[in-house]
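Please read the structure below before turning to the comments.
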Amino acid sequence: MKKFFLSSFALMAMMVAAIGFVSCGSDDDDDNSDSGSDSKASKAEIIYQAEMAPDMTKFLNVEIDYLDNGQKKTAKITDQDWSLKTTVNSLPVKFGYKLRLSRNNVKLDESGNYILGIYVGKAYVAYNSKGKAISQMAYSSVKNFSAYNGEKETTKLTNEKLEKKIESWNKMFAAAFELTAEGNLVEMGSDF
């Protein structure tokens with residue numbers, strides 16, 4: 001399971017790097033251009049991604065609030081994987097997410113075996129007016145509580161313990177940022 005989450009983050013980082021390398025242009029760019037506009041971001045691509053261990057979506061309702069072009073939107077996550085890529089054509093812009101988990105009506109069998117884990121990631125690439133990447137970043141939050149009630153684990157997952165985990169995760173998986181016209185990232189806390 002740990003390899004699953006680490007490989008997900010590595011994949012997101014490679015996506016950001018690939019976008020950046022493709023957009024960098026050649027070394028033979030016109031040197032007579034206005035260098036001031038080259039250092040300003042005119043657009044950005046923002047990627048959000050969430051992945052859940054199979055048992056997460058079995059017992060939980062999962063929603064994610066996110067900012068799309070500065071507007072708050074909500075998506076319901078019903079599968080193990082969810083992602084969104086959006087293009088922003090005006091900077092500065094705020095972007096961020098907040099994962100919201102709640103119990104559904106499926107009863108937890110306290111003698112069953114479960115694997116719980118969450119991966120939430122975001123990435124951005126900021127481009128100047130010539131389409132050249134001037135900044136990029138990939139970031140993830142991983143919380144993996146591994147297996148419960150299995151042969152190798154002594155931790156028992158109870159309904160009460162699951163409720164406490166949900167409360168903790170709801171506080172943990174939230175972040176908001178502002179991407180400036182210079183391509184800098186400013187942390188805005190967890191509210192948006």
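The values are calculated or read from the model by the stated rules, or taken from the named source; none is laboratory data. Just so we're clear, the structure is a prediction, and the values are computed from it rather than from any experiment. Here Cβ is always computed from backbone atoms with ideal geometry, including for glycine, and neighbour counts include all displayed protein chains. Just so you know, the surface numbers come from the protein's heavy atoms only, side chains and all, with ligands and any DNA or RNA stripped out. Shrake-Rupley method; radii C 1.70, N 1.55, O 1.52, S 1.80 Å.
Details
- Subset of the range 36-56 that is open to solvent by less than 30 Å² (accessible area, probe 1.4 Å) and in a helix (DSSP H, G or I) - its residue that is farthest from Tyr114 (Cα to Cα): Met56
- Residues that are open to solvent by 10 Å² or more (accessible area, probe 1.4 Å), of a type outside the set (Val, Ile, Thr) and part of a strand (DSSP E or B) within the range 102-123 comprise Ser102, Arg103, Tyr114, listed in sequence order.
- Scanning the range 65-91 for residues that are open to solvent by 40 Å² or more (accessible area, probe 1.4 Å), more than 26 Å from Ser102 (Cβ to Cβ) and of a type in the set (Val, Ile, Thr) yields a single hit, Thr87.
- The range 139-192, residues that are at pLDDT below 85, within 19 Å of the chain's Cα centre (by Cα), open to solvent by less than 40 Å² (accessible area, probe 1.4 Å) and within 15 Å of Met56 (Cβ to Cβ): Ser141
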